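Undergrad: Pasting in a structure now, in structure tokens, and then I'll have a few things to ask.
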Amino acid sequence: MSRAERRPPGLYHRVVVYLLFLILLAPLLGTFVYSIATSWSATILPDGLTYKWYVALWSDPRFLRAFGQSLLVCVGALALSVVLILPLLFVVHYHFPKLDALMNILILLPFAVPPVVSSVGLLQLYGSGPLAMVGTPWILIGCYFTVALPFMYRAITNNLQAINLVDLMDAAQLLGANTFQAAFLVVLPNLRKGLMIALLLSFSFLFGEFVFANLLVGTRYETLQVYLNNMRNSSGHFNSALVISYFFFVLLLTWAANRLNKDKD
Amino acid sequence: MSFVSVENLQKNYGSTAVFSDINCEIHKGEFVTLLGPSGCGKSTLLRCIAGLTSVTSGRIFLDGKDLVPVSPQKRGIGMVFQSYALFPNMNVEQNVAFGLRMQKVSTDEMKQRVAEVLKLVELNEFASRYPHQLSGGQCQRVALARSLVTRPRLLLLDEPLSALDARIRKHLREQIRAIQQELGLTTIFVTHDQEEALTMSDRIFLMNQGRIVQSGDAETLYTAPVDAFAAGFIGNYNLLEADAASRLMQRPINSRVAIRPEAIQLSLTGSLEGEVRSHSLLGNVIRYRVEARGVELVVDVLNRSASDLHPNGQRVTLHIEASALCEVA
């Protein structure tokens, strides 16, 4: 049955959808209102509205530095994963398709071991010796790379399977392209969608990551989530402003990525 | 001297042979078909000729030069895939121009040659469309144009019509054949569809289990199958064991025979008596199952008028010319 023939959704279906939206949006809305309230304690509605928490937040150099550092670590980790995972995926799917099963198990490892546990291992390994990286952004970039791996691998694999990689490569090669030309001119442009989704998912996840950042680096290279944790004893209004700012930044990024990703019909 | 020549070609995957001892000669401008059931090795053979799959042993000559050590980019071979393999990120014009871009042909010449070949496949109106905006038949014509524009010495078609619906398939079949003849292009076509093979080809190589079973023009393959496989794969031959054939013809016959269903005549008077078991209407032909002397035969009769129909259970007589019996191995 085509979509046009379908009856409009009944009241029950609409209620379910709206209820879900309400449940998801209620805490966000509460936080937002709290972040623009002068004070809000014993009353149903806040006493008054103000921008001052946002002004205070965005003029705090420590916040701006944490924001920039978070951005840097995330972008660094994602750049590393693009550079490493894209060629890996290409080789796996074009030359060794059987390895895909093994890769599917490998990419689950970052999820199988809880961050609190793997942090201990990472601290042991990189705490001293020739690879002493604990307390520097480098260990976070490396660690975030492994966290992003499953998102990157799955999204791009789905995309690769959808484009019939082998036939495209074969066709390009018979038309005179070498492997690099075929990969860059034919395969890569068709992975744009999967890559965008992978990057967006990973970025949103990594930007909000706290456990690794706190345990491996802490205040020595403060990221946004660590900063938020360190500010927990300051004003709740101030923290709400931080959370909302953070949320809108991710939202803006998602929107921009979707715009860039639109098909050119 | 033949234009394409395959000598003792063999391809193994591990210890299993996909095909072995393949020998064939193809003349310049010829349209040959590799026909066979799926898994017979015909597509792998085509990929070996294209250079997309390595061969285990043997040689492939194109215009007197051994192709085996040559990379696929430098073989000068065009190929059309069942899946079309159009580049989704490029429009029709860019897809077709891709091969010329790789050859670093000048922009002016590229434009002219792309326009020419798009006109040839009747798609000049669609130059700026993207593959997802085209129908299957149009996609395959773009793929054909893309492989023709580089002026290949040899064109390979790997089941190009299999993903299309019947009407478009028939039309495109004629179009491919017309273009091939117009350009005098040596072409190897792979299919599992006997009708495609019979209608399009100058010559057919019938393959089974990694071997060429029989080769020849459509007429020879259809009327003189060499073995039971060939008889079973092409046409709907009645295959009779020696004893059944002897009983039916009432003379000693020492080998298996194949009889084409349309070579048996059906009438109400004659020497060989039988009874109609069932019949089915295939359009212009009525296909009867007739039992005679304990042998069940398939008999095809032209559907002239409804009054000619023999109902099930009717006694009929059959006439089989001695020349219609084809001995097969």
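Undergrad: Just report the Cα centroid separation between the range B:230-251 and the range B:53-75, whole Å.
TA: 42 Å
Undergrad: Can you quote the Å³ per residue value for the convex hull of the Cα atoms in chain B, rounded to an integer? Walk me through the numbers before you get to the answer.
TA: Numbers: hull volume 55.3 nm³, N = 329.
For chain B, the hull spanned by Cα atoms encloses 168 Å³ per residue.
Undergrad: Principal axes first, then extents: for the Cα atoms of the range B:240-328, list largest minus smallest coordinate on each axis, whole Å, largest first.
TA: Between the extreme Cα coordinates on each principal axis of the range B:240-328 lie 40, 22, 18 Å.
Undergrad: Where in the range B:175-213 is the amide nitrogen less than 14 Å from a point lying 7 Å along the Cα-to-Cβ axis of B:Thr16?
TA: B:209-210
Undergrad: What is the diffusion coefficient of the range A:1-50 in µm²/s, taking the Kirkwood radius over Cα pairs and the Stokes-Einstein relation at 10 °C with a viscosity of 1.306 mPa s?
TA: On the way: Rh = 13.8 Å.
Here the translational diffusion coefficient equals 115 µm²/s.
Undergrad: With charges only on Cβ, +1 for K and R and -1 for D and E, what is the dipole size of the protein assembly as shown about its Cα centre, in debye, rounded to 20? List each step's numbers first, then the result.
TA: Values: 51 positive and 45 negative charges, 364 e Å.
Charge dipole of the protein assembly as shown: 1740 debye, to the nearest 20.
Undergrad: I would also like to ask the following. Can you give the percent of C-alpha pairs in the protein assembly as shown whose distance is more than 49 Å?
TA: Details: 69609 of 176121 pairs.
Tail fraction, whole percent: 40.
Undergrad: Amide H to amide H under 5 Å from A:Ala37: which residues, 5+ apart in sequence or cross-chain, H placed 1.01 Å off N in plane?
TA: Hits under the 5 Å cutoff: A:Thr50.
Undergrad: Taking the 0 to 90 degree range and rounding to the nearest ten, how far is the long axis of helix A:236-261 tilted relative to the main principal axis of chain A, both from C-alpha atoms?
TA: Roughly 30 degrees, rounded to the nearest 10.
Undergrad: Restricting attention to the range A:196-265, which trypsin sites (Lys or Arg not before Pro) occupy a DSSP loop and are surrounded by at most 12 other Cβ atoms within 10 Å? Don't skip to the answer; put the middle values down first.
TA: Working: sites: A:Arg220, A:Arg232, A:Arg259, A:Lys262, A:Lys264; in loops: A:Arg232, A:Lys262, A:Lys264.
Counting only loop positions with at most 12 other Cβ atoms within 10 Å, the trypsin sites (Lys or Arg not before Pro) in the range A:196-265 are A:Arg232, A:Lys262, A:Lys264.
Undergrad: Sorting B:Glu182, B:Glu262, B:Glu196 on the 10 Å Cβ count, fewest up front, what's the list?
TA: Numbers: B:Glu182 9, B:Glu262 16, B:Glu196 22.
Listed from fewest to most nearby Cβ atoms, that is B:Glu182, B:Glu262, B:Glu196.
Undergrad: How about the range A:178-265: which chymotrypsin sites (Phe, Trp or Tyr not before Pro) there are in a DSSP loop, with at most 14 other Cβ atoms within 10 Å of their Cβ?
TA: Values: sites: A:Phe180, A:Phe184, A:Phe203, A:Phe205, A:Phe207, A:Phe210, A:Phe212, A:Tyr221, A:Tyr227, A:Phe238, A:Tyr246, A:Phe247, A:Phe248, A:Phe249, A:Trp255; in loops: A:Phe210.
Of the chymotrypsin sites (Phe, Trp or Tyr not before Pro), the ones in loops of the range A:178-265 whose Cβ has at most 14 other Cβ atoms within 10 Å are A:Phe210.
Undergrad: What span do the alpha-carbon atoms of the range B:17-116 cover on each of the three principal axes, reported in whole Å from largest to smallest?
TA: The Cα atoms of the range B:17-116 stretch 46, 30, 24 Å along their principal axes.
Undergrad: Kindly write out, for the range B:246-251 in residue order, the coupling ³J(HN,Hα) from the Karplus curve 6.51 cos²θ - 1.76 cosθ + 1.60 (θ = phi - 60°), rounded to whole Hz, with x marking Gly and Pro.
TA: With the stated coefficients, the range B:246-251 comes to 4, 5, 5, 8, 6, 8 Hz.
Undergrad: In whole Hz, what ³J(HN,Hα) sequence does the range B:17-30 give by Karplus (6.51, -1.76, 1.60; θ = phi - 60°), x for Gly and Pro?
TA: Listing the rounded values in order: 8, 6, 8, 8, 6, 7, 10, 7, 10, 10, 8, 5, x, 7 Hz.
Undergrad: For the range B:180-250, place one equal point scatterer on every Cα, skip the solvent, and apply the Debye formula. What is log10 of I(q)/I(0) at q = 0.17, 0.20, 0.27 Å⁻¹?
TA: Results for the range B:180-250 at q = 0.17, 0.20, 0.27 Å⁻¹ read -0.69, -0.86, -1.27.
Undergrad: Work out how far the C-alpha atoms of the range A:57-261 reach from end to end along every principal axis, then list the three figures in whole Å, largest first.
TA: Projected onto its principal axes, the Cα set of the range A:57-261 covers 65, 43, 26 Å.
Undergrad: In degrees, nearest 10, range 0 to 90: what is the angle between the Cα axis of helix A:61-94 and the longest Cα principal axis of chain A?
TA: Approximately 20 degrees, to the nearest 10.
Undergrad: Now for a different question. Averaged over its residues, how many other protein chain Cβ atoms are within 10 Å of peptide A:174-184's Cβ atoms?
TA: Numbers: counts 19, 19, 12, 6, 3, 1, 0, 4, 4, 0, 0.
Partner Cβ neighbours, averaged per residue: 6.
Undergrad: Sticking with this structure for a sec: Pop out the Kirkwood hydrodynamic radius of the range B:104-217 from its pairwise C-alpha distances, inverse of mean 1/r, in Å to one decimal. Don't skip to the end; give the middle numbers.
TA: Details: mean 1/r = 0.0646 Å⁻¹.
Value: 15.5 Å, from the Cα pair sum.
Undergrad: Could I ask something else about it? Considering the alpha-carbon set of the range B:3-72 alone, what are its Rg and its Dmax in angstrom?
TA: Both quantities, over Cα of the range B:3-72: 11.7, 37 Å.
Undergrad: Within the protein assembly as shown, how many lysine pairs that are 8 or more places apart, or on different chains, have C-alpha atoms less than 25 Å apart?
TA: Step by step, the pairs that qualify in the protein assembly as shown add up to 23.
Undergrad: Given 25 °C and 0.890 mPa s, compute D for the range A:20-105 with the Stokes-Einstein relation, Rh being the Kirkwood radius over Cα pairs; round to the nearest whole µm²/s. Don't jump to the answer; show the numbers that get you there.
TA: On the way: Rh = 17.7 Å.
Approximately 138 µm²/s, per Stokes-Einstein.
Undergrad: Would you kindly derive the ³J(HN,Hα) couplings of the range A:40-46 from the backbone phi angles with the Karplus curve 6.51 cos²θ - 1.76 cosθ + 1.60 (θ = phi - 60°), listing them in order in whole Hz, with x for Gly and Pro?
TA: 7, 10, 9, 10, 5, 10, x
Undergrad: Another question about this same structure. For the range B:47-152, which chymotrypsin sites (Phe, Trp or Tyr not before Pro) are both in a DSSP coil and crowded by at most 12 other Cβ atoms within 10 Å? Mind showing how you got there, number by number?
TA: Numbers: sites: B:Phe61, B:Phe81, B:Tyr84, B:Phe98, B:Phe126; in loops: B:Phe81, B:Tyr84.
Passing both the DSSP loop test and the Cβ count: no residue.
Undergrad: OK, next. What do you get for the angle between helix B:136-148 and the principal long axis of chain B? Use alpha-carbon atoms, 0 to 90 degrees, nearest ten.
TA: Computed tilt is about 60 degrees.
None of the figures in this text is laboratory data; all of them are computed from the coordinates on show. All figures in this text were calculated on a predicted structure; none of them were measured in a lab. Every residue, glycine as well, gets a Cβ built from its backbone with ideal geometry; the counts of neighbours run over all protein chains shown.
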